[in-house]
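J.: I'd like to ask some things about the structure below.
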Amino acid sequence: MEELRLEFSRKAVDFAVEWHPKITKEYITKHPDVALNMSKERIALMKTKVNTLVKNAEKTVKREFDNPALWWHQKPNQRDDIDKYKQVADKYPEALDRAVRRVLGNLGTVLEEFRFNVATSNTGVYQEFWFENSLRQTTVPCYPHLLEWSKDMQDIIQEYDVQFKKAIALYKEIVELKDEKKRQEALTRWDSI
């Protein structure tokens, strides 16, 4: 399962590296007036910032996906929902999808800075809101639109789901065996006195 986690992270980096320039170009064409009103220097600065996101994609993915709460094998719990990693069509496992969207949401800060009708905090007055509220009452940049993961990412999580279902069944069995052993020891102790 750890190998699958690492492979998913690598594929998420590849995905982000391709995604940032592609979506930037979509926003350039979606809001041509904004782009046409920018000076060459301002366009160059925006390109530099997008390229920095691409260059830092590995660090950003690592920061997001090194969270043990995302990966059952790093924090096993017998009470986890059996469908925790299930994918149906373009509906991905919620926690992982949020993490992918947070990685991609960093582009929103660049689009916001260059006035492409995007807000990455709840203080913005733009048309698109690229953020989620965290538990700490702060906002986190987050990509809000339909998103299709790469085929590799989908395949890896499908395999992780298969491994998870096998592992959680074994884990529950082990916990039950340990509990039964404790019950037997308690009864033996009681009966021996």
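The values are calculated or read from the model by the stated rules, or taken from the named source; none is laboratory data. For clarity, every value in this text was computed on a predicted model and none was experimentally measured. We place every Cβ from the backbone using ideal geometry, glycine too, and count neighbours over all the protein chains shown.
J.: For the range 62-80, name all the residues that are of a type in the set (D, E) and either touching a Leu at 6+ places or on another chain (Cβ under 8 Å) or over 15 Å from R10 (Cβ atoms) (or both). Write out each step before concluding.
T.: Pass one, the range 62-80, residues of a type in the set (D, E): 64, 66, 80.
Matches in the range 62-80: D80 only.
J.: Additional query: Given (1) surrounded by fewer than 18 Cβ atoms within 10 Å (Cβ to Cβ); (2) at pLDDT 95 or above, identify the lone condition not met by F15.
T.: Here F15 meets the rest and fails (1).
J.: Within the range 31-44, can you find the residues that are free of Cβ contacts under 8 Å to residues at least 12 places away in the same chain and part of a helix (DSSP H, G or I)?
T.: Of the residues in the range 31-44, the ones free of Cβ contacts under 8 Å to residues at least 12 places away in the same chain are 32-33, 35-37, 39-41, 43-44.
Across the range 31-44, the qualifying residues are P32, D33, A35, L36, K40, E41, I43, A44.
J.: Regarding S150, is this residue closer than 30 Å to A35 by Cβ and either surrounded by fewer than 19 Cβ atoms within 10 Å (Cβ to Cβ) or not acidic (D, E) (or both)? Quick ask: steps written out before the conclusion?
T.: Details: closer than 30 Å to A35 by Cβ: yes; either surrounded by fewer than 19 Cβ atoms within 10 Å (Cβ to Cβ) or not acidic (D, E) (or both): yes.
Taking the combined requirement at face value, the residue satisfies it.
J.: Here are some conditions: (1) in contact with a Lys or Arg (Cβ under 8 Å, 6 or more places away or on another chain); (2) closer than 24 Å to F164 by Cα; (3) modelled with pLDDT under 95; (4) not polar (S, T, N, Q). W71 meets all but one. Which one does it not meet?
T.: (3)
J.: Taking the range 104-136 as the search range and keeping residues that are touching a strand residue (DSSP E or B) at 6+ places or on another chain (Cβ under 6 Å) and among the aromatic types (F, W, Y), which one is modelled with the highest pLDDT?
T.: F131
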